[in-house]
1. Scanning for something under 24 Å from L131 (Cα atoms), out of contact with any helix residue (DSSP H, G or I) (no Cβ under 7 Å at 6 or more places or on another chain), at pLDDT 85 or above and surrounded by 15 or more Cβ atoms within 10 Å (Cβ to Cβ), does region 34-44 turn up at least one residue?
2. Residues of region 121-141 being loosely packed, with under 14 Cβ neighbours inside 10 Å, of a type in the set (D, E, K, R) and either within 20 Å of A40 (Cα to Cα) or free of Cβ contacts under 8 Å to residues at least 24 places away in the same chain (or both), which ones?
3. Based on this model, can you work out whether K78 counts as surrounded by fewer than 18 Cβ atoms within 10 Å (Cβ to Cβ), out of contact with any strand residue (DSSP E or B) (no Cβ under 7 Å at 6 or more places or on another chain), at pLDDT 90 or above and within 22 Å of G128 (Cβ to Cβ)?
4. L169 fails exactly one of the following numbered conditions: (1) farther than 27 Å from P26 by Cβ; (2) of a type in the set (A, V, I, L, M, F, W, C); (3) modelled with pLDDT under 90. What is the number of that condition?
5. Return the pairs, sorted by first residue and then second, in which the second residue is outside any helix (DSSP H, G or I) and among the acidic types (D, E), the first residue lies in region 94-117 and is at pLDDT 90 or above and surrounded by 11 or more Cβ atoms within 10 Å (Cβ to Cβ), the beta carbons are less than 7 Å apart, and the residues are 6+ apart or on different chains.
Amino acid sequence: MIKKLLLKKLLLKKLEDKEMDRAIKPYEQVKMMLGNASSAWEKLVGHIRFYYVMDELWAEGKPTHKHYNNLYVRRGGKPLISFGIREGYFIACIVFGKNEREKFEEQREMFAEAVCKEYDEAETYHDGKWLAFNVYDESQIDDIICLLPIKRKPNRKVLPESLDKCGCLDLGLSHEEVTKCINTF
């Protein structure tokens, strides 16, 4: 039994390492795919990179597959948010477990009606409630940003003098380059 578990962990780690080796697409390519949604992408991904220290996994499938370009943002195997990039828009998906659903219910009145409607209509599976937002412009970004601390509290120390630099990061930078850039502010 222990041998099987160790083998399974080793295989999962190997697969994870293989997938993590894939480079995130250059931002110019992503921007071309997103079109008008690129400003919303910049704001949301910029916010995550500014307030969270997370791993980013870029996954590509076959061009005929409906989930062709995806970016998974997670830490220690636990996801924060996942993005599905499509032509002209992107899908932001957050999965709320039991504790997160309770937190959302407590704070429900502070969210927009569209977010509450999406929450109510979302399917609940064994691993949680899957909230998926089709983002075409910046209209929903502030609500999605407000959902992130319910899932996970920000874990990057932000200095007050660096707050005016929020969103000024190059989205094509690696995590180490982002950290170095933030530390220079």
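The values are calculated or read from the model by the stated rules, or taken from the named source; none is laboratory data. Just so it is clear, the model here is predicted, and its values are computed rather than measured. Cβ: placed from backbone, ideal geometry, glycine included. Neighbour counts: every protein chain shown.
1. yes
2. E121, E123, D137
3. Judged against the criteria, K78 is not a match.
4. Going through the list (1) farther than 27 Å from P26 by Cβ; (2) of a type in the set (A, V, I, L, M, F, W, C); (3) modelled with pLDDT under 90, L169 breaks only (1).
5. Filtered contacts from region 94-117: V95/D127.
Let's see how each residue does on (1) touching a Leu at 6+ places or on another chain (Cβ under 8 Å); (2) within 15 Å of D143 (Cα to Cα); (3) acidic (D, E):
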position: L44; (1), (2), (3): no, yes, no
position: D55; (1), (2), (3): no, no, yes
position: V73; (1), (2), (3): yes, no, no
position: G76; (1), (2), (3): no, no, no
position: G84; (1), (2), (3): no, no, no
position: G88; (1), (2), (3): yes, no, no
position: A92; (1), (2), (3): yes, yes, no
